[in-house]
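The values are calculated or read from the model by the stated rules, or taken from the named source; none is laboratory data. Predicted, not measured: the structure shown is a model, and the values here were computed from it. Ideal geometry is used to build each Cβ from the backbone, glycine not excepted, and the neighbour counts take in all protein chains shown.
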Amino acid sequence: MSLDKEECECPPEGLPAYMSTFADLMALLMCFFVLLLSFAEMDAIKFKRLAGSMRMAFGVQRVVEADQIPLGTSIIAQEFSPGRTEPTVINTVTQQSIDQALKNLPVDSTSSSDSAELDNTDALRQKLETLVSQTREDAVELANALSEQIAKGEVEIETQGREITVRIKEQGSFASGSASLQPGFNQVLYDVRDVLIDKPGNIHVQGHSDDVAISTARFRSNWELSSARAVSVAHALLSEGVLDSRRFVVSGFADNNPLEANIDPDSRAANRRVEIVIRQDITTELQAQLNRLKAKDPERYQDVDREAVQRFNIRPDEVF
């Protein structure tokens with residue numbers, strides 16, 4: 001009878017029931033802290049800055065030459081004069097050190113950013129290609145508006161990088177030796193104007209001539225003729241005030257920028273032209289990145305520039 005009573009007073013076998021819940025809770029807490037640790041990142045720059053602050057706070061000793069009086073730093077006084085104290089009226093620091101203690105450890109943050117930027121040329125190339133593709137789409141829209149003149153050979157359109165060039169030939173636009181637009185050609189420029197209303201970029205109107213010198217009562221030289229033709233085109237584009245005149249730059253180049261060598265009548269006719277150049281610049285940030293890449297790695301910069309900035313001619317069969 002006593003044996004049965006002693007057996008009943010013994011605790012039950014196994015762990016208490018609450019230990020199961022406690023073990024699950026501890027496992028979950030351990031997983032939580034492991035997860036937090038996996039998310040943590042070591043910032044080397046901040047660590048160096050923290051180390052610099054700690055160095056100043058605890059006064060890390062500097063290495064000085066043996067013939068110099070040792071200096072020390074303190075949280076209370078950053079500079080003091082060791083040696084025998086003498087009464088003085090003013091507080092004068094009588095000892096100077098050749099090298100100065102830096103408050104923080106030097107951190108070369110530019111090198112890491114530059115190296116990361118050099119490794120990110122694919123992103124730069126992608127940004128440039130996106131901008132250049134937008135410029136080509138704008139050029140195609142202009143070509144569709146001038147499809148009839150392109151088919152007749154009176155107008156040519158091409159892009160190079162972020163520039164669109166609308167090349168107006170003398171044929172059909174100006175009479176020989178004249179700066180007045182031919183009747184009916186104003187409508188062509190009005191179509192160009194309507195497309196440029198919502199297109200970004202500065203508009204450069206440039207006049208060009210051949211190498212045959214001109215000297216008339218109206219024009220003393222090819223400079224005046226090319227400039228006057230550029231002004232006539234600019235006035236047509238600025239009609240009705242739909243385009244901002246601050247976007248315009250008008251210039252005359254005479255025979256200094258020929259498309260072809262002036263060797264026959266056909267080449268001279270090709271050089272007598274007015275070009276409307278729409279320059280859609282890239283962003284300031286992207287230009288700064290390209291400049292840094294050019295300074296650090298010119299070869300890689302040439303690869304990016306050569307692949308993203310190419311000449312793109314619009315042929316008459318590409319216009320619908």
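The figures follow:
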item	result
Test: residue in the stretch 248-257 that is hydrophobic (A, V, I, L, M, F, W, C) and closer than 20 Å to Ala213 by Cα	yes
Selected residue (criterion: farthest from Gln160 (Cα to Cα)) from residues of the stretch 263-281 that are crowded, with 17+ Cβ neighbours inside 10 Å and not hydrophobic (A, V, I, L, M, F, W, C)	Arg268
Qualifying residues in the stretch 136-169 (those that are of a type in the set (D, E, K, R) and within 14 Å of Leu189 (Cβ to Cβ)) - the one modelled with the highest pLDDT	Arg167
Selected residue [surrounded by fewer than 17 Cβ atoms within 10 Å (Cβ to Cβ), closer than 21 Å to Asp138 by Cα and modelled with pLDDT of 90 or more] from Arg315, Arg246, Arg311	Arg246
Residue list for the stretch 197-234, restricted to those being out of contact with any helix residue (DSSP H, G or I) (no Cβ under 7 Å at 6 or more places or on another chain), assigned to a loop (DSSP other than H, G, I, E, B) and under 16 Å from Leu181 (Cα atoms)	Arg218
Residue in the stretch 283-298 that is within 33 Å of the chain's Cα centre (by Cα), farther than 30 Å from Arg125 by Cα and either assigned to a loop (DSSP other than H, G, I, E, B) or at pLDDT below 85 (or both) present	no
Yes/no for Ala254 being of a type in the set (A, V, I, L, M), surrounded by 18 or more Cβ atoms within 10 Å (Cβ to Cβ) and assigned to a loop (DSSP other than H, G, I, E, B)	yes
Residue match in the stretch 168-178 (condition: assigned to a helix (DSSP H, G or I), of a type in the set (Ser, Thr, Tyr) and under 25 Å from Ser239 (Cβ atoms))	no
The stretch 190-243, subset surrounded by 14 or more Cβ atoms within 10 Å (Cβ to Cβ) and among the hydroxyl-bearing types (Ser, Thr, Tyr), residue farthest from Ala175 (Cα to Cα)	Tyr190
Filter pass, Gly184 being of a type outside the set (A, V, I, L, M, F, W, C) and either touching a Gly at 6+ places or on another chain (Cβ under 7 Å) or under 16 Å from Val155 (Cβ atoms) (or both)	yes
Neighbours by Cβ (under 8 Å, 6+ apart or cross-chain): first from the stretch 143-158, on the phi > 0 side of the Ramachandran plot; second charged (D, E, K, R) and at pLDDT 85 or above	Gly153/Lys169
Complete set of residues in the stretch 131-161 that are within 30 Å of Thr284 (Cα to Cα), in a helix (DSSP H, G or I) and of a type in the set (A, V, I, L, M)	Leu131, Val132, Ala139, Val140, Leu142, Ala143
Residues located in the stretch 132-144, provided they are of a type in the set (A, V, I, L, M) and buried (at least 19 other Cβ atoms within 10 Å of the Cβ)	Val132, Ala139, Leu142, Ala143
Yes/no for Gln187 being of a type outside the set (A, V, I, L, M, F, W, C) and closer than 20 Å to Glu240 by Cβ	yes
